[in-house]
Amino acid sequence: MTKSPSRSPRSFYAGVFLVSGLLMALQIVQSRIFSVTTWYHISFLVVSVAMFGLTLGALSVHRGREAEQRRNYSEAMAAAAFRFAIGILVSLTGQLILPVLSEKLLYTLLVLPLVTGFALPPYYFAGVALSLAITRAPYPAARTYGFDLIGAAAGCLFALGLMETVDGPSAMMILALLAMLSGACFGKLPKRPAIGFAMLAVAGLLLNLVPAKPTIYPYYTKFHMIPESSLAYDKWNSISRVTLDNERKNVMPPLWGPSARMPDSLKTSYYMFAVDGDAGAAISRWAGDAGAPLHYLDYDVTTIAYAIPGLKTSAIIGLGGGRDVLSSLHAGVKSVTAMDVNNIQVSLLTRVEPFKDYANIGDRKDVRLIHSEARSWFARNPDKFDLIQMSLVDTWAATGAGAFALTENGLYTVEAWKLFYDHLNPGGVMTVSRWYLEDAQSEGERLVSLAVGALFDAGVTEPKKHLFMATCDRIVTLVLSRDPMTEPQIAAMERRVKQMDFQTLISPHKDATGGEFANILNAKSRADLDNLAKTAEYDISPPTDWRPFFFNQIKLTNPRQVITLAIGNEHSAIVGHAHALANLYVIMIFSLIMVVFAILWPLRAELAARNAFIRAGTAWFVLIGLGFMLLEMSLMQRMSVYLGHPAYGLSIVLFSLVLSTGIGSLLCNERPLKTASSRVIWALCTAAAIFCAVFFIDGAMKTFSDAPLLVRGILCVCVTLPIGCLMGFGFPTGIEMAREAHARSTAWFWGINGAAGVLGSSLAIAINIGAGIDVAMFCAALCYALLVVPALAYKAKLKH
């Protein structure tokens with residue numbers, strides 16, 4: 001057979017760079033769309049599906065005719081890249097039209113195979129292309145792998161920029177067009193299919209970008225079909241999709257915890273907006289100081305702290321639709337500062353008509369609306385306030401997801417609350433509202449535990465004197481004071497409670513009632529809180545930056561409780577947590593089944609072979625796959641807290657890890673690990689670097705807590721870079737060991753590495769939630785330390 005014409009090495013490496021970059025961008029964009037159509041934690045399934053698809057692609061290469069693949073690698077890679085482009089549109093179609101339901105455990109069992117079936121094709125064909133590039137093309141594996149990883153790093157940044165420019169479906173279509181271009185780097189594409197595909201993708205882009213409202217959008221959002229015609233506004237960015245329903249006129253005010261005594265005569269008009277389809281807040285019509293008074297706000301339990309006299313300055317964490325700003329102005333506050341991590345929400349109230357004039361707060365001299373993540377803003381600003389308010393700053397979608405990936409995790413940790421506490425004026429208060437049900441009190445209990453833990457860290461010895469809590473209609477509001485509460489402060493809030501028929505749960509004047517409140521308030525130290533959490537039915541320990549899962553109160557290590565709650569018919573926040581953990585169990589089991597039947601079983605003959613190297617090599621690739629994924633997922637979640645949003649953590653960690661491992665792979669090509677001693681030293685150095693990083697990250701993030709987002713992102717890259725460079729030696733070293741000892745096994749090792757990655761992604765989340773992010777990083781270090789065993793075993797086998 002005649003060898004097919006191939007492109008130049010430069011064109012080949014450019015194609016590898018493009019395929020890998022688009023592959024990484026696809027994961028990020030697809031995760032963003034899944035966050036809109038499903039719960040946030042399902043979006044992390046994309047990582048497992050990507051690893052699974054890449055592994056299946058590598059195995060298809062392994063099962064092919066090696067000699068023919070080596071002769072025709074260029075033509076085969078061009079075909080795979082073109083199918084990769086087609087697969088992106090197939091995957092997009094499934095994401096947009098399927099009613100993906102995942103809150104119920106049974107739905108998850110039924111939906112996961114279907115979701116995987118639609119999401120898998122692009123990753124499979126990308127896996128074919130990259131496997132051919134690394135194992136069949138006549139170029140150095142380490143060099144090819146280096147361009148692969150550097151391309152992936154560029155893809156992370158490209159995805160962020162793309163999502164800030166266009167909507168999610170349009171971003172996918174752009175990726176599909178670029179994927180077709182990557183195929184042209186390897187060889188000729190079929191002319192008519194390529195032209196037809198390009199015309200289809202361009203037509204889709206025009207339908208979305210030219211009209212005022214997009215034509216191609218997610219038809220199912222969470223459980224609901226939401227037609228674009230029912231929306232007054234629709235905007236995407238890298239962290240959200242924000243939509244506004246059509247105006248609701250002259251209706252009852254949208255209150256979180258309304259008093260039963262609110263008169264029916266109180267009416268208002270508003271737009272209800274949603275973040276990713278299910279996190280609601282209202283933009284209320286207000287004519288300013290000359291307009292109708294805002295008395296209806298007094299009937300909401302979230303505003304109870306405004307009963308305190310003498311409030312002059314306030315800070316609002318989570319701008320939403322501006323309702324808390326109105327509460328401040330209604331209470332006579334003279335200076336209001338409100339911030340939100342989402343620039344769309346800020347722009348709606350400051351620039352976008354008609355909503356700017358509708359809300360009428362964006363141009364006021366006594367109001368500052370700021371686009372910023374709250375923790376970093378407080379860290380770099382000396383301003384202090386009489387009141388800091390944080391009302392239900394989360395999304396119901398994320399609460400139900402058990403906070404596997406959640407913007408606001410970093411706002412509900414001891415470190416965050418200590419920072420907010422330090423920015424209160426003498427006599428100042430912080431007020432936080434959360435969900436609260438009589439049969440599911442754990443969120444309120446954990447809120448109190450968090451407050452007590454933060455007060456202990458601030459040097460307070462009697463936290464009870466600093467806390468007041470009231471509840472009404474599924475909402476609880478906690479008021480935390482910088483100093484022991486004064487009699488006038490307590491009396492003012494108690495009058496509001498009586499006037500509005502709220503219920504007081506905690507007060508310096510009375511013993512606590514309900515759940516674990518009394519036990520928490522009687523704790524004398526952080527150690528007492530931790531011991532109480534061990535014996536409590538739910539996880540009520542004070543969250544920290546290393547274990548920031550405030551919204552997950554179900555204990556991961558109690559599967560009986562998880563399953564019992566998940567299969568029940570109740571609907572509450574705590575049941576939502578159980579659904580999320582049950583889904584995690586299902587994802588882990590599903591991943592294991594996929595790995596066993598699609599990867600290990602077809603290749604069982606390889607593992608059973610009598611070649612002495614197979615078992616040692618398998619251990620090598622399992623350990624680097626698990627270690628890499630444990631570290632990657634842990635860094636994503638730790639840095640999401642620091643950067644202020646999971647999208648930033650996902651993109652920046654992926655960028656820095658794949659960039660640095662790419663650099664490490666290129667260095668490995670120049671300075672290969674050829675001896676057993678060099679491999680042992682490398683494994684121990686890598687393990688030590690990961691171990692030390694746990695302590696270095698904590699110090700670096702505290703030192704640079706006041707840095708702007710760009711600087712914090714650069715810091716994350718700098719922290720990750722040396723570790724990634726070391727880890728980059730692992731895969732190419734293993735491949736070269738395989739080529740030396742048993743060349744046919746290279747695709748098997750690619751597959752087993754991918755299998756370990758599939759399992760490692762969900763395992764990492766489980767360890768992070770159950771034990772802490774630092775524990776998962778220590779496990780990653782252990783994986784790399786254990787590489788000493790297969791490294792020495794490989795040396796011994798070669799001698800025989």
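For the stretch 160-174, list residues with backbone N below 19 Å from a point placed 7 Å from the Cα of Thr93 toward its Cβ?
Only 169-174 pass the distance filter.
Based on the alpha carbons, how large is the Rg to Rh ratio for the chain when Rh follows Kirkwood? Walk me through the numbers on the way to the answer.
Working: Rg = 27.6 Å, Rh = 27.7 Å.
Rg divided by Rh gives 1.00.
Kirkwood Rh over alpha-carbon pairs of the stretch 501-561, then Stokes-Einstein at 25 °C and 0.890 mPa s: what D in µm² s⁻¹, rounded to an integer? Write down the numbers at each step before the final one.
On the way: Rh = 13.2 Å.
Value of D from the Cα-based Kirkwood radius: 185 µm²/s.
Answer with one residue from Gly318, Thr38, Gly427: the one whose Cα lies farthest towards the positive end of the charge dipole of the chain, charges on Cβ with Lys, Arg +1 and Asp, Glu -1.
Thr38
Pairing the Cα long axis of helix 613-643 with the longest principal axis of the chain, what angle in degrees results, from 0 to 90 and rounded to the nearest 10?
30 degrees
How much length would be gained if the chain were fully extended between Ala458 and Met225, taking 0.36 nm per residue of separation minus their Cα-Cα distance, in nm to one decimal?
Numbers: separation 233, 0.36 × 233 = 83.88 nm, distance 4.78 nm.
Between Ala458 and Met225, full extension yields 79.1 nm more.
By how many nm would the segment from Glu670 to Gln499 lengthen if fully extended, with 0.36 nm per residue of separation less the alpha-carbon distance?
Numbers: separation 171, 0.36 × 171 = 61.56 nm, distance 7.64 nm.
This chain segment gains 53.9 nm when fully extended.
Using alpha carbon centroids, what distance separates the stretch 280-311 and the stretch 634-684, in Å?
A separation of 49 Å, based on Cα centres.
Asn522: net charge of surrounding residues, Cβ under 15 Å, Lys/Arg +1, Asp/Glu -1, itself excluded? Please list the in-between numbers first.
On the way: positive: Lys464, Lys465, Lys510, Lys524, Arg526; negative: Glu445, Glu462, Asp511, Glu516, Asp528, Asp530.
Taking every Cβ under 15 Å from that of Asn522, the sum is -1.
For the chain, give me the percentage of DSSP beta bridges that are antiparallel, rounded to the nearest 5 percent.
On the way: 38 of 57 bridges.
Counting DSSP beta bridges with both partners in the chain, the antiparallel share is about 65 percent.
Farthest toward the dipole's positive end in the chain, which of Asn342, Ala232, Cys185, given Cβ charges of +1 (Lys, Arg) and -1 (Asp, Glu) about the Cα centre?
The residue sitting most towards the positive pole is Cys185.
Against the longest principal axis of the chain, how steep is helix 526-535, in degrees 0 to 90 to the nearest 10, with axes from Cα atoms?
Roughly 70 degrees between the two axes.
Which value in deg cm²/dmol, rounded to the nearest 500, describes the helix-derived mean residue ellipticity at 222 nm for the chain, given -39,500 (n - 2.57) per DSSP H run of n ≥ 4 and division by the residue count?
Values: 30 runs with 465 residues, N = 800.
So the calculated ellipticity at 222 nm is -19000 deg cm²/dmol.
Give me the net charge of Phe468's neighbourhood, meaning all other residues with Cβ under 11 Å from the Cβ of Phe468; Lys, Arg count +1, Asp, Glu -1.
Working: positive: Lys464, Lys465, Arg496, Lys510; negative: Glu494.
Charge balance near Phe468 sits at +3.
Rounding to the nearest 20 debye, state how big the charge dipole of the chain is about its Cα centre with +1 on each Lys and Arg Cβ and -1 on each Asp and Glu Cβ.
On the way: 66 positive and 57 negative charges, 629 e Å.
Dipole about the Cα centre, nearest 20: 3020 debye.
Based on the Cβ-Cβ distance from Cys718 to Glu164, what FRET efficiency comes out when R0 is 30 Å, to the nearest 0.05?
That gives a FRET efficiency of 0.80.
All other residues with a Cβ under 15 Å from the Cβ of Pro218 taken together, and with Lys, Arg as +1 and Asp, Glu as -1, what is their net charge? Present the calculation step by step, with values, prior to reporting the outcome.
Numbers: positive: Arg32, Lys213, Lys222, Lys235, Arg241; negative: Asp167, Glu228, Asp234, Asp276, Asp278.
Neighbourhood net charge equals 0.
Helix 788-799 against the longest principal axis of the chain: what's the angle in degrees, Cα atoms only, rounded to the nearest 10?
0 degrees
Points 7 angstrom from Cα along the Cβ direction at Leu709 and Ala771: gap in nanometres?
The answer from the label model is 3.4 nm.
If each of Asn250 and Leu200 carries a label point 7 Å out from its Cα toward its Cβ, how far apart are those two points in nm?
Label at Asn250, label at Leu200, 5.1 nm between them.
Throughout, read-outs are computed from the coordinates displayed, never taken from laboratory work. Computed from a predicted structure; not experimentally measured. Don't worry about glycine lacking a Cβ; one is built from the backbone with ideal geometry, like all the others, and counts go over all protein chains shown.
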